[in-house]
Each structure stands twice: as structure tokens, then as C-alpha cells.
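A.B. asks: My structure is below; once you've seen it, I'll send some questions.
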Ligand SMILES: Cc1cc2nc3c(=O)[nH]c(=O)nc-3n(C[C@H](O)[C@H](O)[C@H](O)COP(=O)(O)OP(=O)(O)OC[C@H]3O[C@@H](n4cnc5c(N)ncnc54)[C@H](O)[C@@H]3O)c2cc1C
């Protein structure tokens, strides 16, 4: 039975909503808080796979499905396999994440889960949600729902990262479980920046994703053709079975998403936690959730600043370069990995690098086009 008021409402039981809830439930000071988690689906599908890198144990270490200490990078001009220690590249399957979190939720008498569509949020004299004609209020709403595309400003770039992945199985051992392929740019770039990545979980099984950074989606059959071609031409597979497939679209944008509206706190992609120039979100959500829960436990306001502002500028410049085809994505990433230590590049892509490292990485990129893009962004 739903209450009419909660301490916290968490809108959306995806990566951000569940990560935040797990962090809140870990805080002794918040054990008595009444929490409503609401989502329009029951999160019973393996709808995505998250990869991320970190040096330490993950908050979700028990459900890490596979991890790698080596990564491979391929392009026409530069290919390499590198050790990324002390980082590990980790993979969590969506279904394991949802099951793990819902097992904890079922043991938590202070949390109600409601399956329902949220029609709108409000925060003026009171704060809350409207679902199925019913209004429920809360002290805070943590929102991970993107209610449509935001209104863009003049310098906002809005590209899409879209991808299709196949979990493929082969009869004979073909995959090297010791290394994941982060990016393989050897495929056709005719539609724009495009690469495949390979996440092997056994010698006969791997998740292979075909990814593009472009303004518009492809036709459904084009993703399948891209995957089929990659598996045959570059991985040399003659026969394989597709056990599962996933499809995703993530905005790649320098648009500044509001991080709050009064007592609504935006989280996840809706709260600007997707890195504009790469689409990676998982690690950013983890950092954000931890800080919000710690603030709540200290009875402080749950508004968190996020990464230093300079990272937004770097993302904007890179997006300008990609959007205006000043340098192609393949060349940018190949140059970054060829001329810098992989650990430095990974820290840079995670917004955790030092300013000195950032200057060093930037100095290795083609100066003129990046300077032009930076000017365009600043003026
Ligand atoms: C297929 C895929 C693979 C990805 N892989 C990676 C990766 O490897 N690494 C990485 O860092 N990032 C990855 N991302 C990006 C990002 O991590 C994910 O999109 C992540 O799930 C974002 O979390 P979120 O909570 O913001 O959104 P979601 O996880 O999408 O959660 C939003 C929730 O809101 C619910 N919802 C939406 N509208 C309503 C409504 N009106 N009422 C009620 N509920 C609603 C949805 O059902 C959903 O459960 C991937 C994204 C996709 C789509």
C-alpha cells in the first residue's frame, strides 16, 4: 500500500536510481527513512551491460561478471595491447545488477517498490510525483527519468552514441579471455565515427558491440550487417550463435543538464552523469550516488557539484571536433593511446586526471583543429 508522503522518492529503478538506493541503505543514519522506488518496468530483462574501470574494489564487486587487466586498441594506423594495472576493466550485466539490488530491497522494510509510469514531477510549495492520477509527496525526489530531449542552447552539440551488441557463442575456442577490446576502429567509417568492442567471458563466448557516434540512428538491419561483417572479417569467425542481443542510445552532448530543481535532484543520465565525449556513465553515477548518500547521512542538502568544470570544457571541445569533422574519432583516440600511457588516458576519460596530465594529453592531439573547436566553444 503506497503512502501519501515519503522521505525520499527515487524516480526510475535503473543504474542511477538503484545505485543511489543501495548507497542510502548502507548509511546507518538513514535506516529509518521511508523510501519509494518507482519504475514503469520490473527490471527483469538483461537490457544492458556496463563496463567501467577502477583501481579499487567496486561497490558492486560481488556481481562483476568479468574483469580484464589488459585492453586492446585497433585502428588502421595504430594497434596495441596494453596492461592497464593498477586499473581493471570490469563488466556488470544489467540483470545481475537488478537482481542484486532487488534482493536487498526485498529485505528492506523501509523501501516500497511501485511499478508505475511517472507522468510528472513537481517541486514548488511541496515536492513529489504524479503517477496514475495519484500524487505522492516527498522531502526529496531523486529523478533519473529523462522526460524528452532538453532544449538546446547555441553551442550545445547533440550527437548520439548508438550501438547494438550480440552475445555470441562459438563451437571452437576463439576468444582471448585475458584482454578486452576497448575500441576497434578498423571497420568502415562511412557513417561517421564507428568502432566495435569485444568483451570475452570465455574462449567460446563474447559480447561484441557495434558502436557509432553520429547525429542520427541507422536502419535496424545496418547494425546487424555491421556486427556480422566485424565478426567474419576481423575476428575470423566462420560460424557462431547469437545468444542475446542489446541495443542502446545514449546522448553525447555538452548540454548542461540541470542537477536540481528546488527539492528535485536529478541523477544518472538525466542529471548530466553521462560523459559527453564518451557516453561512459557507470563510474560517474557511482561517485555521484556515494556523495549524495553521504550528504544525506550528514543531514546536509543532497546537491553535489560533480566533476571539475574544466572536464565539461574538454568534452565540449572534443564534441565540437567530432560534430564538425575537424578530426575523425579514429584519429583522436588512436593518437591519445599511441602517445600517452593508457593509465593516463583512462584517468582523463574518467575525469580523475591531474591538470598536468590533461595538458600533456591535449598537447599530443592535432593542435589546429582542437584550437579552432576551443575558440568556437568559447566565443
Ligand atoms: C545498452 C546500454 C549499454 C550501456 N553500456 C554502458 C557501459 O558499458 N558503461 C557505461 O559507463 N555506461 C553505459 N551505458 C550508459 C549508462 O550507464 C546507462 O544508460 C545507465 O543505465 C544510465 O543510468 P540511468 O539510471 O540514468 O538510466 P536508466 O538505467 O535507463 O534508468 C532509468 C529508469 O527510468 C525508468 N523510466 C523511464 N521513464 C519512466 C517513467 N515515465 N516512469 C517510470 N519509470 C520510468 C526506466 O524504466 C529505467 O529503469 C549504457 C547504456 C545502454 C542503453
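Laboratory data are not the source of any read-out in this text; all were calculated from the coordinates shown. Source: prediction; values computed, not measured. Here Cβ is always computed from backbone atoms with ideal geometry, including for glycine, and neighbour counts include all displayed protein chains.
A.B. asks: For the range 300-379, just say rounded, prolate or oblate: build the C-alpha gyration tensor, square-root its eigenvalues into a ≥ b ≥ c, call rounded for a/c under 1.5, and beyond that prolate if a/b exceeds b/c, oblate if not. Don't skip to the answer; put the middle values down first.
C.D. replies: Numbers: a/c = 2.20, a/b = 1.32, b/c = 1.67.
Taking the square roots of the gyration eigenvalues as a ≥ b ≥ c, the range 300-379 is oblate.
A.B. asks: If you don't mind, another one. Compute the length gained on full extension between residue 190 and residue 216: take 0.36 nm times their separation in residues and subtract their Cα-Cα distance, giving the result in nm to one decimal. Could the numbers behind the result be given before it?
C.D. replies: Values: separation 26, 0.36 × 26 = 9.36 nm, distance 1.33 nm.
Once the chain is fully extended between residue 190 and residue 216, it gains 8.0 nm.
A.B. asks: Would you report the distance distribution of C-alpha pairs in the range 74-201 as whole percents per 5 angstrom bin, up to the bin with the largest distance?
C.D. replies: Reading upward from the zero bin: 2, 6, 10, 12, 12, 13, 12, 11, 10, 7, 4, 1, 0.
A.B. asks: Report Rg/Rh for the range 5-46, rounded to two decimals, where Rg is the Cα radius of gyration and Rh the Kirkwood radius. Could the numbers behind the result be given before it?
C.D. replies: Details: Rg = 11.0 Å, Rh = 11.0 Å.
With Rh from the inverse mean 1/r over Cα pairs, Rg/Rh is 1.00.
A.B. asks: Shape verdict for the range 1-84, please, from the Cα gyration tensor: rounded (a/c under 1.5), prolate (a/b greater than b/c) or oblate.
C.D. replies: On the way: a/c = 3.77, a/b = 2.27, b/c = 1.66.
Verdict is prolate for the range 1-84.
A.B. asks: A further question follows. Have a look at the DSSP beta bridges in the chain and tell me what percent are antiparallel, nearest 5. Show your work: numbers first, answer last.
C.D. replies: On the way: 59 of 82 bridges.
Of the beta bridges lying entirely in the chain, close to 70 percent run antiparallel.
A.B. asks: Please report 90, 243 as a ranked list, fewest other C-beta atoms within 10 angstrom at the top and most at the bottom. Mind dumping the intermediate values first?
C.D. replies: Numbers: 90 21, 243 11.
Lowest to highest Cβ neighbour count: 243, 90.
A.B. asks: Please compute the contact order of the range 255-332 in relative form: average sequence separation of alpha-carbon pairs under 8 Å and at least six residues apart, divided by the residue count, as a percent. Before the final figure, lay out the partial values.
C.D. replies: Working: 59 pairs, mean separation 17.0, N = 78.
Relative contact order here is 22 percent.
A.B. asks: Return the distance in nm (one decimal) between the two label points of a simple spin-label model at residue 57 and residue 34, each offset 7 Å from Cα along Cα→Cβ.
C.D. replies: In this crude label model, residue 57 to residue 34 measures out at 3.5 nm.
A.B. asks: Distance between the C-alpha centers of the range 325-359 and the range 182-216? Whole Å please.
C.D. replies: Here the answer is 19 Å between Cα centres.
A.B. asks: Ok, one more. When only alpha-carbon atoms count, how far does the range 259-301 stretch along each of its three principal axes, as whole angstroms with the largest first?
C.D. replies: 34, 20, 9
A.B. asks: Pairs of alpha-carbon atoms within less than 8 angstrom and 6+ residues apart define the contacts here; what relative contact order does the chain have, in percent?
C.D. replies: Working: 709 pairs, mean separation 69.9, N = 379.
Here the relative contact order equals 18 percent.
A.B. asks: Hey, another quick one. How high is the relative contact order of the range 158-247, in percent, counting Cα pairs under 8 Å that sit 6 or more residues apart?
C.D. replies: Across the range 158-247, relative contact order equals 42 percent.
A.B. asks: Also: Kindly rank 193-203, 308-318, 77-87 from highest to lowest mean number of other beta carbons found within 10 Å of each residue.
C.D. replies: On the way: 193-203: 20.2, 308-318: 17.8, 77-87: 14.5.
Going from most to least packed, we get 193-203, 308-318, 77-87.
A.B. asks: Evaluate the Kirkwood expression for the hydrodynamic radius of the chain, namely the inverse of the mean inverse distance over all pairs of different C-alpha atoms, and round to one decimal in Å.
C.D. replies: Working: mean 1/r = 0.0456 Å⁻¹.
Mean inverse Cα-Cα distance, inverted, gives 21.9 Å.
A.B. asks: How many nm is it between the label spots at residue 352 and residue 106, if each spot is 7 Å from the Cα in line with the beta carbon?
C.D. replies: For the pair residue 352/residue 106, the computed spacing is 3.3 nm.
A.B. asks: Could you give the distance between the Cα centres of the range 226-274 and the range 98-170, to the whole Å?
C.D. replies: Result: 16 Å between the Cα centres.
A.B. asks: Once you order the gyration tensor axes a ≥ b ≥ c over the Cα atoms, which shape class does the range 158-247 get: rounded for a/c under 1.5, otherwise prolate or oblate by comparing a/b with b/c?
C.D. replies: On the way: a/c = 1.98, a/b = 1.78, b/c = 1.11.
Cα axes put the range 158-247 in the prolate bin.
A.B. asks: Okay, next question. Want the number for residue 375 to residue 27: 0.36 nm per residue separation, take away the alpha-carbon distance, what's left?
C.D. replies: Details: separation 348, 0.36 × 348 = 125.28 nm, distance 4.54 nm.
Additional length available on full extension: 120.7 nm.
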